[in-house]
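First the structure, in the form of structure tokens, and then the observations on it.
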Amino acid sequence: MMSSIVIAGCLALSLTVSAAMPSVRQGQVQVNTEALTPEVALSADERGWRTVPVDEVNEGADPYWLRTQVDVPPREAGAPTPALILSVLGAWEAWWDGRPLGSNGQVGRTATEEVPGRVDVLLPLPPELSTPGPHVLTMHISAHRLGFQPVGTIHHVHVGEAASLAQARMLGLVPSLCMLGALVLMGLYHLVRVRLSQGGLATLLLGLLCFAASALILLEAWRGLANYPYPQHALRLRLLAAAMLAVAALLPATVHAAFSEPRRWMRWLGLGLGLLSLAFVPGFDGKNTLALGASLVVSTVLCVRAWRRGEVGAPLGTLAGLGFAGTLFLLEPWGFSERGFFLAFGGLLLCLTVVHARQQRRQQERLESATRAAERLQLELLKRSLQPHFLMNTLGALSEWVETEPAQAVRFIEALGAAYRHLLAVSGERTIPLARELELCRAHLEVMGCRQGTSFHLETEGVDLKAPVPPALLHTLLENAFSHNRYVSPHTFRLESSVVAQGTGPRRRYVFLAPVGTGPGRGGGDGTGARYLRARLEEAFPGAWRLEDGPTAAGWLTRVEVPA
């Protein structure tokens, strides 16, 4: 009998209080920052209460009161008693229709008195107070340990079946966790390729982008998996902002590297300053949304530029992925990181991975083709160096020197041995230091000087002796010069090197000048030597080299450009 009277009294109080009370369904609550007793807070007294939007409740750290109407949905007979799910940044006590419902942590007047509560709590409703319709929820809240200034501390208030709410919460995490596993595997794949020297800068950036996106998805799922105390929410939001900033920076950088976009340092400086300026944007959601939106726009512009340049590497495939991600972003920009990010960036990174794999396969095919051509032409050059005419002339000169000038014969044998020793040592390499190439060239000039009874020199200017060059690159230019000219007096060959800023980055330019002698005077063309040069350059620097040659007043000039 007594319990019936209490319930009836609570219902009467609820009806009295809720007559003019806003409801969560309307997006409004009442708050009161005065030090009220529970009896006064649960009464129908309206003094000191003010109505505010539920998503803008932020009354500071000291305890305050909150009350609102919450609708209990209709349910079938025999259905389980519904439960109330509350997501609040703070410690709190709750009353339902004037009856104590539960607590989360301990409300305190100071940070020392307060015991932090968890962010998300599921409370079963009393069976006798769960009839369908509006009910009054009253809460006493304190938040001394937020660690930041949120827009609102009330994230979610909802009534439903406990099992359904828990199931929906876990099922909502399954797709993002599956995508998390896929992104981690993709990231590992790309980084392993870099570790095995099978990928370049684009591969490294793509791997890092996969891990940054994985970190963002994991941080979004952290709340649903761990249900941490509310002071950890600030840490999670800061880590989320860092992960989002990493994604926003790595996405255009990956597209830039994948499509050889010409470097524009002022533009990249502007993008960097723009991302840094996000520190002045209020709220974590605003920072994340603007950073990701700017990243998608910049990446799309880079792809469009690559497509208009006729860039090889399927920029249209990347544009499709960016279009898919951009569409989902525009549908819900402010909640994109929570709901659409895993799907959008999963599809985008899959497109980037496919495009990158196709680029790598084409590059590997070009490299294999260039290697086969270089090996075939290398054999032809070696055969030309050992051709019978060369051997007969060499042996004839050597036999004459042995009889008349033994010292000259010894010098020639040593020079010839040094030349072939250097040629044999570098012939199997893909690139060698320029210092070794110059040693080979000077040994060859010594041989030719002995044969023609004069002296030849190679002067260099601005060279980096550690710079990589294809083997026998300059040696082939010397051979071409001696094949098309006859030198009967001392001559000097010149090699100048410089670093120029052009195209996709710093490039090293070599200018080789072969002096004019007697004879036809040609030094280039499409002969075996020229084909060998192109094959070796393609093998060492796929698609990133230039070779030009032609006559000048001083001789035959050859210009080679490779990445620095």
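The values are calculated or read from the model by the stated rules, or taken from the named source; none is laboratory data. Remember, it's a predicted structure, so these values are computed and weren't measured experimentally. Cβ: placed from backbone, ideal geometry, glycine included. Neighbour counts: every protein chain shown. What goes into the accessible areas is simple: the full protein's heavy atoms, side chains included, and nothing from ligands, DNA or RNA. Shrake-Rupley method; radii C 1.70, N 1.55, O 1.52, S 1.80 Å.
Within region 492-530, restricting attention to residues that are buried (at least 17 other Cβ atoms within 10 Å of the Cβ) and among the basic types (Lys, Arg), the residue that is modelled with the lowest pLDDT is 507. Considering 44, 83, 94, the condition of being out of contact with any strand residue (DSSP E or B) (no Cβ under 6 Å at 6 or more places or on another chain) and either surrounded by 14 or more Cβ atoms within 10 Å (Cβ to Cβ) or part of a loop (DSSP other than H, G, I, E, B) (or both) is satisfied by 44 alone. Here region 190-237 is the region considered, the condition is being of a type in the set (Phe, Trp, Tyr) and in contact (Cβ under 8 Å) with a residue 40 or more places away in the chain, and the residue that is nearest to residue 350 (Cα to Cα) is 228.
Entry remark, region 427-459: residues being part of a helix (DSSP H, G or I) and within 26 Å of residue 538 (Cβ to Cβ) number 9 in total. The single condition among (1) open to solvent by less than 70 Å² (accessible area, probe 1.4 Å); (2) modelled with pLDDT under 80; (3) assigned to a helix (DSSP H, G or I); (4) not hydrophobic (A, V, I, L, M, F, W, C) that residue 207 does not meet is (2).
Rundown of residues vs (1) under 24 Å from the mean Cα position of the chain (by Cα); (2) at pLDDT 90 or above; (3) not in a strand (DSSP E or B), yes/no style:
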position	(1), (2), (3)
137	no, yes, no
149	no, no, yes
157	no, yes, no
160	no, no, no
168	no, no, yes
176	yes, no, yes
180	yes, no, yes
186	yes, no, yes
189	yes, no, yes
